[in-house]
Each structure stands twice: as C-alpha cells, then as structure tokens.
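So the structure is just underneath, and the comments pick up after that.
The values are calculated or read from the model by the stated rules, or taken from the named source; none is laboratory data. Note that the coordinates shown come from a computational prediction; the quantities given were computed from them, not determined experimentally. Quick reminder, even Gly has a Cβ in these numbers, built from the backbone with ideal geometry, and neighbours come from all protein chains shown. Calculation scope for accessible area: heavy atoms of the full protein, side chains included, ligands and nucleic acids excluded. Shrake-Rupley method; radii C 1.70, N 1.55, O 1.52, S 1.80 Å.
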Amino acid sequence: MFQVSGDIFFLIVSIIINSFGNALTVSLNLGSALWTASSVNLSHFFNYSLTGVLFWEGVAVVLSNALIIRKFDFRRIFGNFVFMLPFSYLVWMLTSLLSKTSLNSLPLPLKIILDLCGILCIAAGISIYQRGNLILHPNDDFMQIIRFKFFHGNAAIAQTTSFLIPITLIILCVFGNQNVWAINIGTVFSFLFQGYFVGLSDKIIFPKLNHQNLDFDH
C-alpha cells in the first residue's frame, strides 16, 4: 500500500513538472520539443487538427512499442492513454495561465534561459515517472524501452535515437510543404541535451527512486 501511494506521488509530481516545462516552452514560442514539433508539422501537412495528429501519433507509437517488446501488454497500453489525458489538460491549462503573464515581453536572452529551463523541467519529469514506471506517455515509454533493451540504460543515446523518428517526419513535411513550424533554439537544445539531463536527473532528483517494472527482455 505504501509503495503504491509512493508511486502515485511520484507520478503526480512528475506530470506537474513535465507539464509546466512544456507549457513554458510553448508560451515562450522558442521551439517545441521534437515530438510536439513533428505533430505541428504533420498537422500543417495533412491540414488536420493538432489534437487529432497528437492522438494518432500516440497510437502509432503505442503500436511500435508493442512490436519492439513483441507483445500487446494491455495494461501498458491502457496506461499510455490514461497518461495522456491529465498531461494534455495540464499543458493546456498551464499554457493558458502563462499566456496571461508578461513572459513574452521579457528580454530575449532571459526568454532563452527560461526556455532552456523548460526543457530541463521536461527532462526531470520524464526521469521521475520513467523510474516509477506506473504509467507513461507513449513517447517516453518508447524511449525507456529502447534505453534498456538496446542501449544498456544510457538515457542520452536512447533519447537522441528516439528523436530520429520525429526529425524524419519533420523533414518529410518540409519537403512536402516547403515550410517548417515549431522549430527554434529550444528544439535544438532538446535534441542535443534532453537525454543527458534525463540521466542526470536520475542521479540527483529523488536518487533513491530506482527504475522498476521493466517487464521486457533487456
């Protein structure tokens, strides 16, 4: 009972931290994280709602995860979709709140620093809920699977590798639309350093929280 309560606590804290980081980067408009950026570009490419693209991209990642671990784990899949509900709502709510502040009237250097802090918050949130591993966002579940299945737990390599998929999607959309959206300094920083900071957060944020329930061959 205590363990379950602890897992729920870590899950709630991590979702709040990650949601705030995403909301901060969205509000500052200095580049979305790569999966979000790919969804924005796909939305323009197909002339389809961003909400719909985010959903179907999530479904595709869920199916990819099942193929990699070679089984349909319905508890895992259910958790993926359950995670997306409060996470999406919190990002939307926090973005709305931040849009009412004077964030975008700040000097550009300060905005860049805050944007990078947002990426650090995303990394910290991912680190916490990946270790608790109660339920995960499909994209972060994908990163965790390949992290321990193929890269011996190396978060930096796994995160960068997982980002190759949204990068490929963005490139294809750019060829089709001759334009690119949601790419800026925050996106580049996320690609280069987010995985490193996930690994660092594993060691310094709730350091006694270890990875658990890695119920796939690794």
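Rounded to the nearest whole angstrom, the semi-axes of the ellipsoid equivalent to the stretch 111-165, taken from the Cα gyration tensor as √(5λ), stand at 21, 14, 9, largest first. Binning all Cα-Cα separations of the stretch 1-67 at 5 Å, short to long from zero, yields these whole-percent fractions: 3, 15, 15, 17, 20, 15, 9, 4, 2, 0.
Of the residues THR187, THR25, THR161, the one that moves most in a GNM of the chain with alpha-carbon contacts below 10 Å is THR161. With all protein chains in place and a 1.4 Å probe, the accessible surface of the stretch 1-85 carries 76 percent carbon and sulfur. Scanning the chain for trypsin sites (Lys or Arg not before Pro) that sit in a DSSP loop and have at most 10 other Cβ atoms within 10 Å, the longest stretch containing none of them is 101-207.
For the chain, modelled as a GNM with alpha-carbon contacts under 10 angstrom, which of PHE72, PHE163, PHE83 fluctuates the most? Result for the chain, Cα springs under 10 Å: PHE72 fluctuates most. Over the stretch 167-218, with every protein chain in place, what whole percent of the accessible area is carbon and sulfur at 1.4 Å, could you tell me? Roughly 64 percent, rounded to a whole number. Please label the shape of the stretch 105-205 as rounded, prolate or oblate, based on the square roots a ≥ b ≥ c of the eigenvalues of the alpha-carbon gyration tensor (a/c under 1.5 means rounded; beyond that, a/b larger than b/c means prolate, else oblate). Because a/c hits 1.5 or more and a/b fails to exceed b/c, the stretch 105-205 counts as oblate.
On a per residue basis, the chain carries 51 Å² of accessible surface, using protein heavy atoms and a 1.4 Å probe. For the pair ASP215 and PHE46, a Förster radius of 35 Å applied to the C-beta separation gives a FRET efficiency near 0.50, rounded to the nearest 0.05.
Considering all different alpha carbon pairs of the chain, the Kirkwood hydrodynamic radius works out to 17.6 Å.
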